[in-house]
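The values are calculated or read from the model by the stated rules, or taken from the named source; none is laboratory data. These numbers were taken from a predicted model, which means no experiment stands behind them. Note that each Cβ is placed from the backbone with ideal geometry, even for glycine, and that neighbours are counted across all protein chains shown. These accessible areas exclude ligands, DNA and RNA; they are computed on the full protein's heavy atoms, side chains included. Shrake-Rupley method; radii C 1.70, N 1.55, O 1.52, S 1.80 Å.
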Amino acid sequence: MELVNAKLYVGSKEGAVDKSEGFDPNTYFTTSFGKESKLSYFKYDSLMVRRDTLTEFPNEYESNVFGFKVGEKDSLFRWNIYADFWQYYGTYPSTKEEIIYESNYSRLIKKRKDFSFNLDNRSEGLVSDKDFFWGNTYHFPTKDDMTETSDTLAYANVKYYYKLIKK
């Protein structure tokens, strides 16, 4: 497991204040039923690859089985059966000696008089500021729009490395 990067912004009258230095995503993103870090809790014990099928073996819940394919530049995609499309999953380097699963954890809090929006999310792929600062009503168009002290944006990008142990 590798923490690629983590960001924390909080609102102020002048806009977002970057509080990333000293930000620990392991203590910020915890499970709702305990103090365990989501970054560790949601890692998979192992992955099994057979032909065009990938099986995830989580430590605490049932396995996930899905179709996969390798795209350009070693990109790995899994078939999303719920939305009917190929979803980015991570990378499958040409050596076929490992799979790198890319995941992100995010929390966005925006409270206004006419509505409130709370996002607490975990998904595939890596994110950056541009995934949160854009024109959507629920997000912030720019960092300058984080004007309430309760405004919060936190995210962490993580890569999980799965090494080949048997062919």
Looking at this structure, is residue 27 of a type in the set (S, T, N, Q) and assigned to a helix (DSSP H, G or I)? yes
List the number of the failed condition for residue 126; all other conditions in (1) without any contact (Cβ under 8 Å) to a residue 60 or more places away in the chain; (2) assigned to a loop (DSSP other than H, G, I, E, B) hold. (1)
I'd like the full set of residues that are more than 17 Å from residue 165 (Cα to Cα), surrounded by 14 or more Cβ atoms within 10 Å (Cβ to Cβ) and not charged (D, E, K, R), limited to the stretch 41-59. 41, 42, 58
If I go through the stretch 129-167 residue by residue, how many of them are open to solvent by less than 70 Å² (accessible area, probe 1.4 Å), under 26 Å from residue 3 (Cβ atoms) and part of a helix (DSSP H, G or I)? 2
Report whether or not residue 62 is loosely packed, with under 15 Cβ neighbours inside 10 Å and either farther than 30 Å from residue 147 by Cα or not small (Gly, Ala, Ser) (or both). yes
Which pairs turn up if I take residues in the stretch 35-56 that are more than 16 Å from residue 3 (Cα to Cα) and look for partners that are in a loop (DSSP other than H, G, I, E, B) with beta carbon separation below 7 Å, at least 6 apart in sequence or on another chain? 45/59; 55/63; 56/63
Report yes if residue 13 is of a type in the set (Lys, Arg), open to solvent by 60 Å² or more (accessible area, probe 1.4 Å), out of contact with any Leu (no Cβ under 6 Å at 6 or more places or on another chain) and within 20 Å of residue 160 (Cβ to Cβ), otherwise no. no
Out of all the residues in the stretch 100-114, is one or more free of Cβ contacts under 8 Å to residues at least 24 places away in the same chain and open to solvent by 50 Å² or more (accessible area, probe 1.4 Å)? yes
